[in-house]
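One structure is given below, encoded as structure tokens.
The values are calculated or read from the model by the stated rules, or taken from the named source; none is laboratory data. Predicted model, so just to flag it, every value in this text is computed and none were measured. With ideal geometry, Cβ positions are generated from the backbone for all residues, glycine too; neighbour counts draw on all protein chains shown.
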């Protein structure tokens, strides 16, 4: 019986020593002034937030009276449905410079890992850039 007690106490002492040593190592790492201070959720910090969660597949067709019809799909690459999704459509000249910038809503919601169709009219330009500029995710029922 004494042997079991001694073995149990030795295990407790060894575990405690390990936790203390690990805690001291962690404390030194937390206060290391030379450690880099980067706090990002995603490596892609250069583009709009919408580019992290959505991608857009679209085409432009000539409209009437100097307008162009831009239609396609917004794909939600996140698991939560999104509402109040808005597209920024930037008209570009032949050299790639911005000449027009409009924001248009996507009707309805974009399901998680799904897509939603859009069809908008914008001023005619030689080319365009289309991206999600704003959105709200819907928290799933029961999530807190």
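Among the residues of segment 27-44, is any at pLDDT 90 or above and within 17 Å of the chain's Cα centre (by Cα)? Steps first, please.
Keep residues of segment 27-44 that are at pLDDT 90 or above, which gives none.
No, segment 27-44 contains no residue that is at pLDDT 90 or above and within 17 Å of the chain's Cα centre (by Cα).
Under the condition of being within 19 Å of the chain's Cα centre (by Cα) and part of a strand (DSSP E or B), which residue from segment 106-128 is surrounded by the most Cβ atoms within 10 Å (Cβ to Cβ)? Don't jump to the end; show me each part of the working.
Filtering segment 106-128 down to residues within 19 Å of the chain's Cα centre (by Cα) leaves 106, 109-116.
When the remaining residues are screened for being part of a strand (DSSP E or B), the result is 110, 115-116.
Numbers: 110: 27, 115: 16, 116: 18.
Out of the qualifying residues, it is 110.
State yes or no: is residue 52 at pLDDT 95 or above and surrounded by 12 or more Cβ atoms within 10 Å (Cβ to Cβ)? No.
Quick check on my filter: what residues within segment 81-105 are part of a loop (DSSP other than H, G, I, E, B) and either surrounded by fewer than 14 Cβ atoms within 10 Å (Cβ to Cβ) or not assigned by TED's automatic domain parsing to the domain that holds residue 60 (or both)? Scanning segment 81-105 gives 93, 94, 95, 96, 97. All told, residue 78 meets the bar of being touching a helix residue (DSSP H, G or I) at 6+ places or on another chain (Cβ under 7 Å) and either closer than 26 Å to residue 139 by Cβ or part of a strand (DSSP E or B) (or both).
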